[in-house]
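The values are calculated or read from the model by the stated rules, or taken from the named source; none is laboratory data. Everything numeric here is computed off the predicted structure, so don't read it as measured data. All Cβ positions, glycine included, derive from the backbone under ideal geometry; neighbour counts span all protein chains shown. Keep in mind that these areas ignore ligands, DNA and RNA; they rest on the heavy atoms of the full protein, side chains included. Shrake-Rupley method; radii C 1.70, N 1.55, O 1.52, S 1.80 Å.
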Amino acid sequence: MALWLDSNSEPQTENEKADLAAIAALKVSTALELKDEGNEYVRKGKKHYKDAIDCYTRAINQKGLGESETSILFANRAHVNLLLGNNRRAFEDAEQAVKLSPTNVKAIYRAAKASFALDMLKEAITYCEQGLELSSDNEDLKKLVKLASGKLAEREKHEAEVSKALRGAKDLLSAFEDRGLKIGKAMFRELTGLKKPDLDKSKILHWPVVLLYPEHRNMFSEDCPPLPWDKENVYTRENIELYYEVGSSVCLSKTRILHYLLEGTPGAGAVSIDEEKDSSNYGSPTGKGPSRWVKVNKKRTLHDILKEPNLVIPGIPVFYIVSKSSAFYNKFKSGKWALPQVPGEDTA
């Protein structure tokens, strides 16, 4: 009997040939019956989708149909997988269906739809264009290619913005390193917001600066008056001294600096921080003696001051203005005072 023929053997007798023909016909009829049964399960609704997939799978496994009919089986199974949200399986089935029959528009649409669901936008567009060459009036393909093209354009725009922001942050980091600057955790964010240094086309660093008057306990309050409160001329050019703080901050790692510089930009989140690996810092605070305050020579440039080895810049430079004519002066110099709590700032 033909059932016992080796797979590589040819039928020798008329009976064997007749048996093989009968087996092939049986496979075809079985596959078609399973296909119809699967279609009926789809029409019955979601509860029967798995049964439909089982029927299509068994029909495919008969291996009795030609490429065109088998393409329809793969396309049908792709359709049900899409309905179930099995987008990867749907894509694989639709892709196989298109390979078997490149003119199967339904298979092409399902490949495009699965590609879109998997966020494979370029592939989705390619399949849509392939389908529209065969069926230029297909509204489903027209809608999908428009949707995929729009989403791809938005993604490419965002990626360009992220790339630009990341480039800018890395250029700033290089500028810090070239100048030997140390950057610490940003302070007074309620006052400074997202203000950060800027590097111009000539590679010149431009810094926003915070000036604080520690004598005035409400200096962080919205009710704090501007400089016209200085009716007694305490804060004159001759009377004031300028200080920066040391010992309260440590240098951030390169990764954390990049993370800080990208805050508020399209690149926010582009640099992730591993808390364990990134817990160490590449520097440490230094100071001269027990004093937390270093007096600034007012004739020096900001560029020179920021390069001081004991200065860790808290995001952006912060300087404290104290008047020698003030009763607060001696208290400040002795360190017997503390900054008021900034509204909304962590107490760490």
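Mind counting the residues in the range 112-130 that are among the hydroxyl-bearing types (Ser, Thr, Tyr) and either outside any helix (DSSP H, G or I) or open to solvent by 40 Å² or more (accessible area, probe 1.4 Å) (or both)?
Narrowing the range 112-130 to residues among the hydroxyl-bearing types (Ser, Thr, Tyr): 115, 126-127.
Okay, now just the ones that are also either outside any helix (DSSP H, G or I) or open to solvent by 40 Å² or more (accessible area, probe 1.4 Å) (or both), so 126.
Total meeting the criteria: 1.
With respect to the numbered conditions (1) surrounded by fewer than 17 Cβ atoms within 10 Å (Cβ to Cβ); (2) of a type in the set (D, E, K, R); (3) more than 29 Å from His259 (Cα to Cα); (4) at pLDDT 95 or above, which one is the sole condition not fulfilled by Arg217? Condition (4) is where Arg217 drops out. The listed residues are Ile72, Ile60, and the only one of them that is open to solvent by 30 Å² or more (accessible area, probe 1.4 Å) and over 30 Å from Ala153 (Cβ atoms) turns out to be Ile72. With respect to the conditions (1) open to solvent by 80 Å² or more (accessible area, probe 1.4 Å); (2) at pLDDT 95 or above, Lys195 falls short on a single one, namely (2). The set of residues in the range 131-141 that are touching a residue at least 24 places away in the same chain (Cβ under 8 Å) and either under 23 Å from the mean Cα position of the chain (by Cα) or in a helix (DSSP H, G or I) (or both) comprises Gly131, Leu134, Asp140, Leu141. Among the candidates Val312, Val271, Val296, the residue that is closer than 21 Å to Ser253 by Cβ and modelled with pLDDT of 90 or more is uniquely Val312.
Give me the residue from the range 77-111 that is under 27 Å from the mean Cα position of the chain (by Cα) and surrounded by 23 or more Cβ atoms within 10 Å (Cβ to Cβ) and, out of that set, farthest from Ile125 (Cα to Cα). In this case the residue turns out to be Ala90.
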